[in-house]
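Here, each number is a calculation from the coordinates, and none is a lab measurement. Computed from a prediction, not measured in an experiment: that's the story for all the values here. Positions of Cβ are generated from backbone atoms using ideal geometry, with glycine treated the same way; all protein chains shown enter the neighbour counts.
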Amino acid sequence: MEGINLGLMLEAINTRIELLYDREHTIGHSHFMPLNDEPTITLLAEIFESQVLPLLEEYFFEDWDLIGQVLGDNLKPLGMRFIQKKFTSKKIAALMGEEWEAQNSIQAYKRNTAALIEPKAYIGIYDSSALTELDA
């Protein structure tokens, strides 16, 4: 499906979950079974949005940095990340003033819906080097 290896993707996600949380909270392949009948990026995006991301939010108590790490976002360019900071430093300064300092590392995050329908974002979960090859 559009160059995405679901087996490698799920393996990478589950390995990171095991490293960051525990083995008992890995994601089962059954979430992706509907793709056997309808292997489309649209269905994969729906599965991620309605099942995978909510599970990760629950597992990591909405710690968006960890969720992003599970999805390999820290290895991807901004446009390919599933989770993004909601406010830039410039926007925060405009809202709160230049002297304001975040308490307890507070940062709002949002889902990047454009990445959900981008095959390279999924490939980047298990192969970040492919992102530079695909962009070349």
Hey, what did the chain get for relative contact order, percent, Cα under 8 Å, at least 6 apart?
30
Whose amide H sits under 5 Å from the amide H of GLY72, counting only residues 5 or more places off or on another chain, with H placed in the peptide plane?
none
When we measure straight from the Cα of LYS120, which aspartates and glutamates land under 18 angstrom away, once same-chain ones fewer than 8 places off are left out?
GLU2, GLU11, GLU46, GLU49, ASP73, GLU133, ASP135
Which of the listed residues, LEU71, ALA94, LEU43, is farthest toward the dipole's positive end in the chain, when Lys, Arg count +1 and Asp, Glu count -1 at the beta-carbon?
ALA94
Quick one: what does P(r) look like for the chain with 5 Å bins over all Cα pairs, in whole %?
2, 10, 18, 22, 19, 13, 7, 5, 3, 1, 0
For the stretch 48-55, in residue order, the Karplus 3J(HN,Hα) values (coefficients 6.51, -1.76, 1.60; θ = phi - 60°; whole Hz; Gly and Pro = x) are 5, 5, 9, 10, 5, 4, x, 4
Cβ-based net charge around GLN84, under 9 Å, with every Lys or Arg adding one and every Asp or Glu removing one
+4
What ³J(HN,Hα) values, in whole Hz, does the Karplus curve 6.51 cos²θ - 1.76 cosθ + 1.60 give for the stretch 20-34 when θ = phi - 60°, with x put for Gly and Pro?
8, 9, 5, 6, 6, 10, 5, 8, x, 5, 4, 4, 9, 4, x
Most packed first (mean Cβ within 10 Å per residue), the peptides 33-40, 108-115, 12-19 order as 12-19, 108-115, 33-40
